[in-house]
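> Below is a structure I'd like to ask you about.
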Amino acid sequence: MYKNEIIQKDLKDIVNQDIEFEKLKNKSVLITGATGMMASYYMYTLMYLNDTLNYNIKIYALVRNKQNLEIKTNYSERKDIIPLEQDVCEKVEIEEPIDYIVHMASSANPKTITTNPVSIVRANVIGTMNVLELAKKSKAEVLFTSTREVYGKIENKEEISEEDVGILDQLELRSCYPESKRMAENLLVSYSYQYGINYQITRIAHVYGPGMIIQNDGRIMSDLIGNVVNGEDIILKSNGEAKRAFCYIVDAITALMRITLTEEKNQVYNIANETEEISIKDLAYSLKNWYEDKNIEVVFDLQEDNNGYVKFKRTKLKTKKLESTGWKPTINLKEGIMRTVEYFEKV
């Protein structure tokens, strides 16, 4: 998949940005959950730097299934990827020094929340502690991908900044995800205070792109992209009035790279593209119009069971702090969706 035409185009867009990638030369990086969409792209970026600029980055890829890693990277034919086949909830042991740990092993899809919520808590809490124990040993910096959902319900604000704190109902099933992410964030703070570990926390909103799960995922963009790729009618299980703002994978990865390499440590950053807020209904009809040849219809089939979904109104994320690093979104919604659909039509 690394050699896919769309992915290579995305990687070129990432690496051509004004980011201090040279700081990664001859470094060792551990990525947990390395076959996930965002983790894969982070790994692909390191591979691309090795392939095009000879950066000599050593990539440790922690995965539960090496076969999936082989499909994504052909690691058996490369010298820069060292697979670690294990669950992140098991002790992570690497004898060689590690410079950066990118901890992305987690799940957020509504189907897992309603079928195996304990696995989500374990990855975010036990998994994060295992990562931090390795960071303590290696003196590695930790980049943690959290979620906008840690803010919970915040009323009477137009934008949410990194200092804001909202309300979460710990008795709601959906809270297994944001509550365990909150605990993971505090573990980072605690390990930093007690052991001097440097960390960066990123609170991410609605990233999509090649490599996302488009079958039986339950998240709205995943389902919509799946409908388009398969030429299926779009079935909305609500009135579609809820609004979202989606961030294409290129912009998410450039944000993560800037945050990884910034000199200011122990910070929290929102990552979102708030420039094109759109209702789910308008997005569905946009897809219908952009892909007229697929003869897709938009169908409303209201459902009562929403245990796996957020139940409060969305508030925009403030990204001024991220923008202070030099970041800005570069891929608009239509272009991002076109690239994503083209990717899936070619794999």
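The values are calculated or read from the model by the stated rules, or taken from the named source; none is laboratory data. Here the structure is a predicted model, which means the values were calculated and not measured. Methodologically, a virtual Cβ is constructed for each residue, glycine included, from the backbone with ideal geometry; neighbour enumeration extends over all protein chains shown.
> Give the residues of region 71-85 that are surrounded by 16 or more Cβ atoms within 10 Å (Cβ to Cβ) and either touching a His at 6+ places or on another chain (Cβ under 7 Å) or not in a strand (DSSP E or B) (or both), sorted by residue number.
Of everything in region 71-85, those that are surrounded by 16 or more Cβ atoms within 10 Å (Cβ to Cβ) and either touching a His at 6+ places or on another chain (Cβ under 7 Å) or not in a strand (DSSP E or B) (or both) turn out to be 72, 73, 75, 80.
> Could you tell me whether any residue of region 102-120 is closer than 24 Å to residue 54 by Cα, charged (D, E, K, R) and touching a residue at least 40 places away in the same chain (Cβ under 8 Å)?
Within region 102-120 (the criterion being closer than 24 Å to residue 54 by Cα, charged (D, E, K, R) and touching a residue at least 40 places away in the same chain (Cβ under 8 Å)), the answer is no, since none of the residues qualifies.
Quick grid of which residues meet (1) over 24 Å from the mean Cα position of the chain (by Cα); (2) modelled with pLDDT under 95:
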{"position": "300", "(1), (2)": "yes, yes"}
{"position": "307", "(1), (2)": "no, yes"}
{"position": "314", "(1), (2)": "no, yes"}
{"position": "323", "(1), (2)": "no, no"}
{"position": "326", "(1), (2)": "no, no"}
{"position": "331", "(1), (2)": "no, no"}
{"position": "336", "(1), (2)": "no, no"}
{"position": "343", "(1), (2)": "no, no"}
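> Just a yes or no: is a residue in region 56-67 within 28 Å of residue 264 (Cβ to Cβ), assigned to a loop (DSSP other than H, G, I, E, B) and modelled with pLDDT of 95 or more?
yes
> Any residue in region 197-213 that is modelled with pLDDT of 95 or more sitting within a Cβ distance under 9 Å of a residue that is among the acidic types (Asp, Glu) and in a strand (DSSP E or B)? List the pairs, counting only those 6 or more apart or interchain.
197/141; 198/141; 199/141; 200/141
> Still on this structure, please answer the following. Of these, 149, 90, which one is over 11 Å from residue 30 (Cα atoms) and free of Cβ contacts under 8 Å to residues at least 60 places away in the same chain?
Within the list 149, 90, the selection yields 90.
> So for region 161-171 (the condition being buried (at least 17 other Cβ atoms within 10 Å of the Cβ) and closer than 28 Å to residue 221 by Cβ), does at least one residue qualify?
yes
> Could you count how many residues in region 16-31 are under 22 Å from residue 327 (Cα atoms) and of a type in the set (A, V, I, L, M, F, W, C)?
Final tally of qualifying residues: 3.
> Quickly run through region 2-37 and pick out the residues that are touching a Phe, Trp or Tyr at 6+ places or on another chain (Cβ under 6 Å) and among the charged types (D, E, K, R).
Within region 2-37, just 25 meets the criteria.
Let's see how each residue does on (1) within 30 Å of residue 138 (Cα to Cα); (2) touching an Asp or Glu at 6+ places or on another chain (Cβ under 7 Å); (3) not charged (D, E, K, R):
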residue: 178; (1), (2), (3): yes, yes, yes
residue: 190; (1), (2), (3): yes, no, yes
residue: 204; (1), (2), (3): yes, no, yes
residue: 218; (1), (2), (3): no, no, yes
residue: 222; (1), (2), (3): no, no, yes
residue: 232; (1), (2), (3): no, no, no
residue: 252; (1), (2), (3): yes, no, yes
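> Here is a further query. Please verify whether region 16-36 includes one or more residues that are of a type in the set (Val, Ile, Thr), in a loop (DSSP other than H, G, I, E, B), at pLDDT 95 or above and under 23 Å from residue 204 (Cβ atoms).
The answer is yes; a qualifying residue exists.
> In region 101-139, which residue that is touching a Gly at 6+ places or on another chain (Cβ under 6 Å) and part of a loop (DSSP other than H, G, I, E, B) is surrounded by the fewest Cβ atoms within 10 Å (Cβ to Cβ)?
Per the criteria, the residue is 109.
> May I pose another question? For region 211-263, what are the residues that are outside any strand (DSSP E or B) and more than 30 Å from residue 2 (Cα to Cα)?
Residues satisfying the conditions are 233, 237, 238, 239, 240, 241, 242.
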